[in-house]
Each structure stands twice: as structure tokens, then as C-alpha cells.
Amino acid sequence: MAENNIPNRPVEGENLFKKKWSKLSSDVMVEYYRCFSQYIGADIDILSGNISVRFIEPILNPLKYRDYYEDKNIYGKQFPKNWLPKTYLRNMNGIFMDEDYNVIKGFSNKFLSSLVKNVDRCVIKPTVNSCSGQRVRVFQRKDEYLLDQYGEILSLEMLLREYRDNFIIQECVEQSEFMAQFNSTSVNTLRIVVYRSVTDNNLYVTNSILRIGLKDSVIDNAHAGGVFIGIDNNGKLGNVLSNTFGVKRTIFNGINFKELGYVIPNYNNVMLFSKNIAQQIPHHRLIALDIALDSNNNPRLIEYNIGAFSYWLFQFVEQPALKGYTDEIIDYCKNYKDNIVRNNIVL
């Protein structure tokens with residue numbers, strides 16, 4: 001947050017903020033309120049990072065279930081194929097498999113070539129212990145070879161050297177013209193947060209933003225130079241973008257977002273799709289989905305996030321991270337916080 005130059009000094013409402021969040025922790029860091037109130041206003045529902053990481057996320061999304069759900073190679077067992085990009089190859093714990101989880105014995109360069117012989121573009125990404133688009137490679141066909149952004153040929157040797165195990169090779173989703181207009185080199189995604197209420201177990205969309213990659217980048221992550229912009233309940237984009245440090249702008253990749261009122265196509269279906277995904281993840285209550293729109297503007301799941309839903313993304317674009325569900329989440333989590341501390345899940 002250092003680059004946004006917001007001074008760390010008292011602001012209106014921080015005592016009420018501390019009082020509210022003290023139900024969960026004696027260590028309420030007002031620095032988060034001082035920062036995000038510059039974007040949202042004096043809203044005591046602002047979520048601070050230390051409370052989110054120490055209490056909200058581990059209670060709503062229990063740690064003991066995360067490893068299974070966070071493996072991207074599991075998605076094919078959870079969801080219909082047409083909800084996902086097509087998979088060409090899986091590697092799970094060192095075992096090569098096809099899209100349908102059939103084990104491939106004696107995997108070789110010849111077999112790899114046969115799998116991708118008709119593929120013009122594909123993406124490789126790690127399926128566990130990955131974040132912010134790290135180690136994602138996009139391969140483009142040139143003559144008989146598939147080359148990544150570094151000029152390296154797709155081969156078995158490269159896969160074993162760079163990934164070793166637990167990775168996936170998938171099609172690059174051909175994104176819709178609407179999404180491609182913001183940056184054609186990256187698949188620009190919608191980050192949608194779905195919350196399963198602790199009071200009625202119904203699913204609610206709390207936040208949504210559009211993430212846009214930096215020109216010529218193959219990923220849209222803010223940590224890689226991308227930006228993000230808020231989306232209202234009707235699918236309309238805001239007119240101010242933010243980067244990972246909360247620095248605002250209205251122009252990005254040559255597009256003036258202040259002058260043009262963009263509306264996400266098929267937005268109601270995106271909301272329904274997001275809830276359908278979350279319905280298949282019953283052990284967790286706070287899920288951040290990354291969704292692409294294909295060439296027909298139909299939603300496709302790129303990944304979902306359980307370990308960190310990146311609360312700061314939304315608060316930089318004027319959306320309290322837990323929206324109108326803050327009070328019920330605090331009341332729920334305070335009943336479990338002692339167990340978390342006692343079991344040393346939180347330091």
C-alpha cells in the first residue's frame with residue numbers, strides 16, 4: 001500500500017471501527033481502516049488484512065479441507081466439462097493422465113506431440129501451491145512446434161524441469177470480443193466472490209470486479225502489472241481502475257474508462273454460474289472465482305480461490321469486502337476464534 005501515499009494518521013470513525021472488530025481480536029489494526037476509508041468512506045465494515053487472514057478465512061474456509069479443493073486438477077471431477085477449458089494433459093503427483101483421468105503409461109515426447117498436434121495455443125500452469133499467475137506459460141504454434149513467451153519449445157524435458165509434477169495443460173480460452181478489447185494477449189477474468197451464509201446456507205454474490213492484463217502480458221493479475229475495476233449489480237463497470245497499490249487511473253491500455261460505460265454481457269448468467277460452482281464446494285463459505293467469457297460470452301471457470309480471496313481488490317474499488325454480511329460473519333467467527341488460537345492454527 002506504500003505507493004498510494006495515504007498518510008497513516010487518525011481519521012473519522014476509526015474508534016467505531018476498532019470497537020466493532022474487537023469482537024474478534026484485541027489487535028485491530030486501524031492502518032487498514034485509514035487506508036481503505038480513503039476509497040470507501042467512513043465505513044466500519046472495512047475488512048483489515050490481519051483479521052481476514054487470522055480469523056475470517058480459516059474459520060469460513062477450514063484449513064483441513066483446503067488441499068483437496070485447491071488442486072486445479074480436481075476441477076474435472078467437480079464440474080461438467082463445458083464449464084471448464086478443455087484439458088490436454090494432467091500431471092497429478094507425478095502421474096500423467098488425460099482429461100478423463102486415465103493414466104498414461106510410458107509418457108514420452110512422441111505421446112506429447114500426438115496430444116497437441118492440432119493445438120495452436122495452450123497454457124500450462126501448476127495445479128497446487130500457485131498464486132498470482134506465477135509459472136503460467138502460454139504456448140503458441142510456430143510451424144511444427146509450440147513455443148512459449150520465452151521461445152522455449154513444449155517438451156517432456158521442459159515439463160519435468162520447470163514443473164516436475166502437479167501441473168495441467170489446457171486450451172487457451174478464446175475470450176469474447178468484449179473481453180479481448182481491454183487486452184488481447186491475456187485472458188481477462190471476472191473475479192466473483194460467492195459467500196455461503198452462516199445463517200441460512202444460501203449463496204450470495206458479495207463482490208465482483210473485472211481484471212485486465214497489461215498490454216502484451218499473458219496474465220491479468222494485478223501483481224503482474226494488471227489493473228481491476230468494480231462491477232455493479234447490473235454488470236456495469238465503474239469508471240476508475242486501480243492497481244495493486246491502490247493507485248487510481250481512468251485510462252489503461254489506451255482505453256478511457258471514464259468516458260465509456262461498459263456493461264458485462266450475459267452478466268445474470270455469470271452470477272448463476274458462480275453460484276453453481278460454489279454449490280459444489282460445500283466445505284467452504286467464502287470462494288473467489290476467476291471466470292472468463294468465451295467467444296459466445298458464456299462463462300468458463302479458470303480457477304477458484306479458497307486460501308485468499310484478496311479482500312483488498314474490492315476495497316480499492318469502493319466495495320467493502322464482506323458487503324452486508326459483515327455482522328453475521330463476525331458473530332459466527334467469534335464463536336470459533338478461541339479454538340483457532342488454541343490449536344495454533346493462527347500465530
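The values are calculated or read from the model by the stated rules, or taken from the named source; none is laboratory data. Keep in mind it's a predicted model, so treat the numbers as computed, not measured. Here Cβ is always computed from backbone atoms with ideal geometry, including for glycine, and neighbour counts include all displayed protein chains. These accessible areas exclude ligands, DNA and RNA; they are computed on the full protein's heavy atoms, side chains included. Shrake-Rupley method; radii C 1.70, N 1.55, O 1.52, S 1.80 Å.
So the values come out like this:
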quantity: Enumeration of residues in the range 125-142 that are more than 17 Å from the chain's Cα centre (by Cα) and surrounded by 13 or more Cβ atoms within 10 Å (Cβ to Cβ); calculated: R137, V138, F139, Q140, R141
quantity: Whichever residue in the range 218-242 is aliphatic (A, V, I, L, M) and under 18 Å from Q315 (Cβ atoms) and, among such residues, is surrounded by the most Cβ atoms within 10 Å (Cβ to Cβ); calculated: V227
quantity: Which numbered condition D45 misses (of (1) over 23 Å from the mean Cα position of the chain (by Cα); (2) part of a loop (DSSP other than H, G, I, E, B)); calculated: (1)
quantity: In the range 254-265, residue farthest from G225 (Cα to Cα) [restricted to those that are surrounded by fewer than 18 Cβ atoms within 10 Å (Cβ to Cβ) and of a type outside the set (A, V, I, L, M)]; calculated: P265
quantity: Filter pass, K215 being part of a loop (DSSP other than H, G, I, E, B), surrounded by fewer than 17 Cβ atoms within 10 Å (Cβ to Cβ) and in contact with a strand residue (DSSP E or B) (Cβ under 6 Å, 6 or more places away or on another chain); calculated: no
quantity: Enumerated helices (runs of 4 or more DSSP H) restricted to the range 94-189, each holding at least 2 residues that are of a type in the set (D, E, K, R); calculated: 156-162
quantity: Among the candidates V138, V103, residue that is modelled with pLDDT of 90 or more and either touching an Asp or Glu at 6+ places or on another chain (Cβ under 7 Å) or within 25 Å of G226 (Cβ to Cβ) (or both); calculated: V138
quantity: Test for G230: is it under 22 Å from L322 (Cα atoms) and modelled with pLDDT of 90 or more; calculated: yes
quantity: Selection status of H283, open to solvent by 70 Å² or more (accessible area, probe 1.4 Å), in contact (Cβ under 8 Å) with a residue 40 or more places away in the chain, within 17 Å of N183 (Cα to Cα) and not β-branched (V, I, T); calculated: no
quantity: Search result, residues across the range 73-89 that are buried (at least 17 other Cβ atoms within 10 Å of the Cβ) and not in a helix (DSSP H, G or I); calculated: L84, P85, T87, Y88, L89
quantity: Filter result (closer than 15 Å to W21 by Cβ and part of a loop (DSSP other than H, G, I, E, B)) within the range 48-72; calculated: S48
quantity: Scope the range 1-40; condition among the small types (G, A, S) and touching a residue at least 24 places away in the same chain (Cβ under 8 Å); matching residues; calculated: A2, G13, S25, S37
quantity: Subset of the range 172-212 (residues that are open to solvent by 30 Å² or more (accessible area, probe 1.4 Å), under 26 Å from G307 (Cβ atoms) and modelled with pLDDT under 95); calculated: V187
quantity: Unmet criterion (only one of (1) farther than 30 Å from S22 by Cβ; (2) in contact with a helix residue (DSSP H, G or I) (Cβ under 8 Å, 6 or more places away or on another chain); (3) aromatic (F, W, Y)) for Y75; calculated: (2)
quantity: Whichever residue in the range 17-41 is aliphatic (A, V, I, L, M) and not in a loop (DSSP other than H, G, I, E, B) and, among such residues, is nearest to P320 (Cα to Cα); calculated: I40
quantity: Output for the range 83-113, where each listed residue is within 17 Å of D290 (Cβ to Cβ) and either among the aromatic types (F, W, Y) or over 20 Å from the mean Cα position of the chain (by Cα) (or both); calculated: W83
quantity: Qualifying residue in the range 107-122 (condition: under 22 Å from I302 (Cα atoms), touching a Lys or Arg at 6+ places or on another chain (Cβ under 9 Å) and open to solvent by 20 Å² or more (accessible area, probe 1.4 Å)); calculated: yes
